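Read through the structure below, which is laid out as C-alpha cells, and then see the notes.
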Amino acid sequence: MHFTLFTSTDGKLTSEFNYLRAIFSRFSSLKYLELVFTKQITKPLLSDLLKGMENGMKIGAKIKHLKIITNPNVHHYSFKELNILTILNYLPFLEILDLNGVFLDINKLSMIKNHMHYYKTLKVMDVSNCGLTDKVIGELADGLLNAINLQKFYMSGNELFSGVSQILNSLSLQPSIKIIDISKNMGYDKTNTADAIYKLIKKNKTLEVLIANKLPKLNEELSDNFFISLGENSKLKYLDISSNGNFKNINKLGMALAFNALKKGSLSYLDISKCNINSEGFKKFIHGLSVSEEDHYSWYNYQLKEKVKKGTLEYTQKTFNCNLETFVFNGNYLYYDTDFLDPQTKAKNIENVIKTFIVNSKKLDTLILGDSSYSQFFFGALSEALNCENNLKYLSLSNSLIDSEAIKSFISSFYISEKGNQTKEKIDIEKQKPNPNFHIEELDLSNNKLGESSIETFSKVLKINKTLKKLNLFHNLFDVDGARLLGEALKVNKTLEDLDIGYNRIKKTGLRKIIVALKANKNSNLKYLGLKYNFIGENILVEFIKALNKKEYSNLKLEKINLKNNSLSTRFIQEYYEEFSKMKKRIEIDIFDILYFLEKERLERTIWISAGPNIAKKDITYEIQRHEYSCIKKEESHIGIPLFIRKVRGRKTGQKK
C-alpha cells in the first residue's frame, strides 16, 4: 500500500490533525509512505503524524520505504524536541530512506544515526542534495558504522570538504554495501578523498558500483596504491571517475585494468569522460593494458605464474588483457593525423591504437565516444578496426562535429570491396558484400553535420547491411532530400527496428517519401520512427495515419511514432484523436499524450496561465496560490496538487525565441 500526505501551502489543515491518528490506525498493510511538505509545518501536525505512526506500529504496520519531499526554499522543519525525521523512531522495518533534496541539520542526522544504531534495517539511503557540510557530517559517518545491511548509498551534490572521506571510511567497513555515489561534491578535500577511495577499494569485498564523478582534480591524486588495489579487486564492476581532470599516470590505470582481468576480477564498465585525455594519453592507457609477469611482480611482489623463470622471454613479454564490456570516453581529444586507409601507412607499420583496443578487447560490446571532434583520419582508424574481428554491438559518436568528409572513411567499415577498402577508386557500394566483422546493432550519430551527401552514402550501406537495428540520425541537417534518400534504403532494409530522423526539417514531402518506402517494403521490421522537430503539418499527418490503416500497409510492424514539436495545434490533435482511435492497427503516437489532460473532468481542474517570454517556475506557483486563496474566500473547493504543467510557445520568428 502506498500513501502520500501533502501539507497545505501554510502548513495548516483546517480540520486539525486528529484524523492522521485514525488513518494510520487502519493502514496495517502500508509499505510505502511519501510525505510532501510544501511550506512550514506546525508542531500539532508533526505530533499527530507521529502518534499516527505509533498507532500503526501497534496494529502491525511495516513501512519499508519512506520518501520525504520538502520546499527547497525552506530549511526549518524542526522544533526543539521534534523534527520531520523523528518519524524514524516509529519505523523499525524501514529499508529505503529517500531524502534527496531535504536539508539535513544536526538534529535530523541524529535521528538517522539513532535508527541505524537500533534497527539496522536500512538497505538504501539517498542523502543527495541535502546541504550536508563538515559541521554535521560526523553524525552520519558515525551512524553508517552500524549500517550492516546497507547496500546502496547516494550522497551526490553536497557541500562537503573532509566529510566525503569520513563517509567513505565508514562505508569501507560495511559488509553489504554494493553501490556508492559521492559525485558532484565540488569543494571536497581531494587528497584525503583519494586516499579514502583507495582504502575503500582495498578493504571492502562487496562493492560493485562506485560513482565518483565531477570531483575536480581527483584523478591526479589517485595513488599507486589505488591502482594496485583496483587491479586485485574481485567485486567492483562499475567505475565512473569522469569529469575529474587528467591522470598523473594514465598508463597505470590501463595496467590496473589488465591485472583485474588477469586475476579474474569483475570490472566491466569504465567511464573516464571529460578527463582532458589527448591522443598521447589514450595511447599510454592502451599500452598499459599490456602487462608482463615482470610487471605483476613489480606491483604485487609475487609471480602470477610461479613456474615462469625471471629473465626469460616469457617473464618479460607483455600480453593484452582487458575485460571491459562498456567503455565511455566522451569529451576527450583523440586527434589523428595518420591515414590508416592509405596502403603506404601499412607499409610503415604505424600502430593504430583504437584498433588495438577494439580488436583485443574480446568482451567490449559498447563504445561511447561522443562530445568531441573527430577528423577523417580518426574514422579511417576506426574503420580499419571494424574490418577486423571484434565484438562491438553499440557505438555512439553523437555531438562530435562529424561532417560529410569525416564520415566517408567510416562508411567503408560496412562492406568489403573486391578492390579493397583502401582503394582510391569510386566504389558502387550497393554491389559490395557486407563486412562479416561489422556487428554493430545500435549506432548513434545524433547532433552532427552529416548533411545530404553523407545520407546518400549512408542510405546505400543500409541497403546491404544486415546488423543495424537502431540508428539515431537526430539533428543532422539533411532535410527533404535526405529523407528521400533514406526512403530508398527503407524500401530494401530488413533489419532496422528503430530510426530517429528528428530535427532535420524533412517536412511533408520527406515524410511522404518515408510512407511510400514503408509501403513498398513487405519485409520491413521498423518498429519505432522518431520525427520530432520536422515542420510536419496537419494535412500530411492525416494522410500518414489514414495510409497506415489501409490494407496495403498491413505488413508494417510500427509500434511507436514520436511527432511532438511539429506544426500541429492542440485543437487539431484533440479533433483528430477520435479518427485515430478507429485504427485497426494500434500504434502509440506521442502527440496524443496531451489529451489525457484535456478530458472534460480534468479541464474543470485546470488553471490557464498566460505565460510571458521569461516566466519562471515561481511565477506559475504564485498563480496557483492566488487561485487557491480566491477559492478559500469564496468557500469553494481548494486547488489540488499540480500533476502536470505545460508551457506552450509558438515557432521561432525573428527576435522571438
Legend entry - Estimated distance in nm for a label pair at residue 312 and residue 191, the labels positioned 7 Å out from Cα along Cα-to-Cβ: 4.6
Inset, instruction - Express in Å², to the nearest 10, the accessible area of residue 36 obtained by rolling a 1.4 Å probe over the protein heavy atoms while all chains stay in place. - result: 20
Legend entry - For the range 274-421: accessible area per residue (Å², 1.4 Å): 47
Inset, instruction - For residue 152, list the aspartates and glutamates whose Cα falls under 20 Å from its own Cα; do not include residues on the same chain fewer than 8 positions away. - result: 34, 95, 98, 126, 139, 142, 181, 208, 240, 271
Legend entry - log₁₀ of I(q)/I(0) at q = 0.11, 0.15, 0.18, 0.25 Å⁻¹ - the range 112-185, Debye sum with one point per alpha carbon: -0.22, -0.42, -0.61, -1.21
Inset, instruction - With a probe of 1.4 Å, find how much accessible area the range 125-211 has per residue, and write the answer as a whole number in Å². - result: 36
Inset, instruction - Would you mind checking 248/449; 123/199; 449/564 for any pair whose Cα atoms are more than 24 angstrom apart? - result: 248/449
Legend entry - Solvent-accessible area of residue 388 with every protein chain in place, 1.4 Å probe, in Å² to the nearest 10: 40
Legend entry - Simple spin-label estimate for residue 492 and residue 522 in nanometres, 7 Å along Cα-Cβ: 1.9
Inset, instruction - First compute the accessible area of the chain with a 1.4 Å probe, then give the percent of it belonging to carbon and sulfur atoms. - result: 48
Inset, instruction - Give, in whole angstrom and from largest to smallest, the semi-axes √(5λ) of the equivalent ellipsoid of the range 410-554, with λ running over the eigenvalues of the Cα gyration tensor. - result: 27, 17, 13
Inset, instruction - Using only the alpha carbon atoms of the range 21-157, find the Kirkwood hydrodynamic radius as the inverse mean reciprocal pair distance, in angstroms to one decimal. - result: 15.1
Legend entry - Gyration tensor (alpha-carbon) shape descriptor, the range 518-567, a/c threshold 1.5: oblate
Legend entry - Segment residue 545-residue 593, extension gain: residue separation times 0.36 nm, minus the distance between their alpha carbons: 15.6 nm
Inset, instruction - Go ahead and run the numbers for FRET between residue 574 and residue 29, Cβ-Cβ distance against an R0 of 45 Å, rounding to 0.05. - result: 0.65
Inset, instruction - Please give the per residue accessible area of the range 479-591, computed with a probe of 1.4 Å over protein heavy atoms only, in Å². - result: 48
Legend entry - the range 324-480 - Kirkwood radius from inverse mean 1/r over Cα pairs (Å): 15.7
Legend entry - Charge dipole magnitude, Cβ of K and R +1, D and E -1 - the range 404-494, Cα centre, debye nearest 20: 340
Legend entry - Loop-located GluC sites (Glu not before Pro) in the range 508-590 whose Cβ has at most 11 other Cβ within 10 Å (DSSP): none
Legend entry - For residue 172, solvent-accessible area (1.4 Å; no DNA, RNA or ligand), Å²: 10
Inset, instruction - Pull up the cross-link candidates among the lysines for residue 39, meaning alpha carbon to alpha carbon under 24 Å and not fewer than 8 places away within one chain. - result: 12, 51, 67, 80, 108, 617, 618, 633, 634
Legend entry - Filtered trypsin sites (Lys or Arg not before Pro), the range 193-234: DSSP coil and at most 16 other beta carbons within 10 Å: 205, 217
Inset, instruction - For the range 207-307, divide the Cα radius of gyration by the Kirkwood radius and give the resulting Rg/Rh value with two decimals. - result: 0.97
Legend entry - Student exercise, the chain dipole from Lys, Arg, Asp, Glu Cβ charges, in Debye to nearest 20: 1380
Inset, instruction - Report, in cubic angstrom per residue, the convex hull volume of the C-alpha atoms of the range 319-381. - result: 93
Inset, instruction - Provide the per-residue ³J(HN,Hα) series for the range 303-308, in order, calculated from phi with Karplus coefficients 6.51, -1.76, 1.60 and θ = phi - 60°, each as a whole number of Hz, with x at glycine and proline positions. - result: 8, 6, 10, 5, 7, 6
Legend entry - Inter-probe distance in nm under a simple model that places probes 7 Å from Cα toward Cβ, at residue 73 and residue 208: 4.2
Legend entry - Span from the the range 443-514 Cα centroid across to the the range 311-339 one, whole angstrom: 34
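What do you get for GluC sites (Glu not before Pro) in the range 328-419 restricted to DSSP loop and a cutoff of at most 16 other Cβ within 10 Å of the site's Cβ? Kindly include the intermediate steps, with their values, before the conclusion.
On the way: sites: 351, 384, 389, 405, 418; in loops: 351, 389, 418.
In loop regions of the range 328-419 (DSSP not H, G, I, E or B), the sparsely surrounded GluC sites (Glu not before Pro) are 351, 389, 418.
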Legend entry - By accessible area with a 1.4 Å probe, ligands and nucleic acids excluded, highest first: order of 128, 554: 554, 128
Legend entry - Percent RCO, i.e. relative contact order, over the chain, from Cα pairs under 8 Å lying at least 6 residues apart: 5
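The values are calculated or read from the model by the stated rules, or taken from the named source; none is laboratory data. Just so you know, these numbers come straight off a predicted model, no measurement behind them. Here the Cβ is made from the backbone with ideal geometry for all residues, glycine too, and neighbour counts use every protein chain on show. Protein only, heavy atoms only, side chains kept; ligands, DNA and RNA dropped before computing areas. Shrake-Rupley method; radii C 1.70, N 1.55, O 1.52, S 1.80 Å.
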